[in-house]
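The values are calculated or read from the model by the stated rules, or taken from the named source; none is laboratory data. Keep in mind that what you see is a predicted model, and the values were worked out from it rather than measured. In this analysis, Cβ positions are derived from the backbone assuming ideal geometry, glycine residues included, and neighbour counts consider all displayed protein chains. Note: accessible area is taken over every heavy atom of the protein model, side chains too, but ligands, DNA and RNA are not part of it. Shrake-Rupley method; radii C 1.70, N 1.55, O 1.52, S 1.80 Å.
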Amino acid sequence: MNLRVLHLTVARELNSGQIKQLHYEYESAKALQGCAWSTIAYQDEKTLQPFAHTIPLIFRGQFRRKLFSWLVALRLSKNYDYILMRHITFDPFSIIFSPLVANRCSVHHAKEVEELRLVKNDFRGILASWTEAIFARFSASFAKAIFGVTLEIAEYQRFKYSPQKPICRYSNGILSSKIPVLEDRRSLDSINIAFICSFYSAWHGLDRILEACLVAADSSEILTINLIGSLSVELASFISANNFPNAEFIIHGHMNQIKYTSILETCDYGIASFALHRQNLTEGSTLKVREMLAFGLPVYSGHEDIALPVNSNHVLISQKPSINEMIEFGWHCKTIDRQEVRSRSIPLIDKLASINEVVSFLMKTNTPSL
């Protein structure tokens, strides 16, 4: 008999990265053997994605949406062996419903207490993180298992809330058939770089890249750095107010994949996050890194990635960005074939592989003692 698993996500709005990840999961799970995997997501707005549904109007609103997520989980729990439920922060309903959804596993994408302090760097952030710590303890205590996009996150949740709880990694991944290798339109005499975010938050570390580019390089090379995503007023103002001796920043704003692919075709490498330490994280599992590698684009990063070798031919990890290093890596990347980057990366970043890791874990621990 097949294992029956549901991955449930409820949010006010699913951002483009979340929708992509769920889409890759939805499509990849069709190839699973020995497991019937369902992907269901709810948000306020309508979407054409087959796995996504609209939250009823009566349940829209911060706390009513949290209640709705538990009602859905409670109703669907009878149809599955396990429900992987994406954790919702400062959720008072977890006190009531956590014990009632007996086959629930809690899925975490961050160290939420740390993240909330960063999002609101004032008393509101402190209050939110305190509240989260209280409610999260109920959620973790009654979960069958704890999942994190990295083991670091899963271990943090277990250590903080439920020391005996089994944990597993559920990393981000891509569906390679949806991401073609980039056409190679790189310049022979200039370096082009891409930095992609839905919104440049503090942990992306754009400010660290800007500071690095304020320093004059040893050479006269000029980097063109394409910023694809939404910037805060402060970051945009900083860029316009400063002179960067060896860098030109082009602000494209938010773009869908079809539009920014033409920009990536001209780029030598992409920039990953450079400030995960602000979330008290040392390793990542970001979708944008996986998509860039699937495109055949090398990556310059400020943190290790759980699925990738450290400082390989096409992945350079640096604790502190440097303009000289960025220039040197750019020239190095021009010598690397895009198909080579893609071929070496795909086995490490495939979404089906990460789903299989979860299924294997659940099958091994599918006992009353879990």
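Tabulated data for the structure shown
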item: Qualifying residue in region 52-75 (condition: within 26 Å of residue 179 (Cα to Cα) and free of Cβ contacts under 8 Å to residues at least 40 places away in the same chain); result: yes
item: Checking residue 326 against (1) of a type in the set (A, V, I, L, M, F, W, C); (2) buried (at least 18 other Cβ atoms within 10 Å of the Cβ); (3) touching a helix residue (DSSP H, G or I) at 6+ places or on another chain (Cβ under 6 Å), the condition it does not meet; result: (3)
item: Sole residue being more than 24 Å from residue 165 (Cβ to Cβ), open to solvent by 60 Å² or more (accessible area, probe 1.4 Å) and either more than 17 Å from the chain's Cα centre (by Cα) or among the hydrophobic types (A, V, I, L, M, F, W, C) (or both), chosen from 15, 2; result: 2
item: Residues (open to solvent by 40 Å² or more (accessible area, probe 1.4 Å) and part of a strand (DSSP E or B)) located in region 252-263; result: 252
item: Where a residue in region 311-340 is within 23 Å of residue 184 (Cβ to Cβ) and its partner, wherever it lies, is in a helix (DSSP H, G or I) and of a type in the set (A, V, I, L, M), with Cβ under 7 Å and at least six apart; result: 314/341
item: Test set (1) closer than 17 Å to residue 162 by Cβ; (2) under 22 Å from the mean Cα position of the chain (by Cα) - residue 103 fails condition number; result: (2)
item: Region 264-305, residues that are part of a loop (DSSP other than H, G, I, E, B), open to solvent by 10 Å² or more (accessible area, probe 1.4 Å), under 22 Å from residue 175 (Cα atoms) and touching a Lys or Arg at 6+ places or on another chain (Cβ under 7 Å); result: 265
item: Flag for residue 233 being closer than 23 Å to residue 174 by Cα and open to solvent by 30 Å² or more (accessible area, probe 1.4 Å); result: no
item: Identity of the residue in region 80-100, surrounded by fewer than 19 Cβ atoms within 10 Å (Cβ to Cβ) and part of a helix (DSSP H, G or I), that ends up nearest to the chain's Cα centre (by Cα); result: 95
item: Tally of residues being among the charged types (D, E, K, R) and within 12 Å of residue 8 (Cα to Cα) across region 76-131; result: 2
item: Single match in 144, 178 (criterion: modelled with pLDDT under 95 and more than 17 Å from the chain's Cα centre (by Cα)); result: 178
item: Only listed residue being open to solvent by 30 Å² or more (accessible area, probe 1.4 Å), in contact with a helix residue (DSSP H, G or I) (Cβ under 8 Å, 6 or more places away or on another chain) and either of a type in the set (A, V, I, L, M) or within 28 Å of residue 336 (Cα to Cα) (or both), chosen from 140, 216, 212, 145; result: 216
item: Odd one out for residue 110 among (1) in contact with a helix residue (DSSP H, G or I) (Cβ under 9 Å, 6 or more places away or on another chain); (2) open to solvent by 10 Å² or more (accessible area, probe 1.4 Å); (3) aliphatic (A, V, I, L, M); (4) modelled with pLDDT under 95; result: (2)
item: Residue satisfying condition, being touching a strand residue (DSSP E or B) at 6+ places or on another chain (Cβ under 6 Å), over 21 Å from residue 289 (Cβ atoms) and open to solvent by 20 Å² or more (accessible area, probe 1.4 Å), within set 248, 221; result: 248
item: Residue 135 being modelled with pLDDT of 80 or more, under 21 Å from residue 67 (Cα atoms) and open to solvent by 20 Å² or more (accessible area, probe 1.4 Å); result: yes
item: Failed item, numbered, when residue 224 is tested on (1) closer than 28 Å to residue 152 by Cβ; (2) touching an Asp or Glu at 6+ places or on another chain (Cβ under 9 Å); (3) of a type outside the set (A, V, I, L, M, F, W, C); result: (1)
item: Condition met for residue 107 (assigned to a helix (DSSP H, G or I) and closer than 17 Å to residue 147 by Cα); result: no
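Residue by residue, here is whether (1) farther than 21 Å from residue 18 by Cα; (2) part of a loop (DSSP other than H, G, I, E, B); (3) small (Gly, Ala, Ser); (4) in contact (Cβ under 8 Å) with a residue 12 or more places away in the chain holds:
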residue: 39; (1), (2), (3), (4): no, no, no, yes
residue: 78; (1), (2), (3), (4): yes, no, no, no
residue: 102; (1), (2), (3), (4): yes, yes, yes, yes
residue: 114; (1), (2), (3), (4): no, no, no, yes
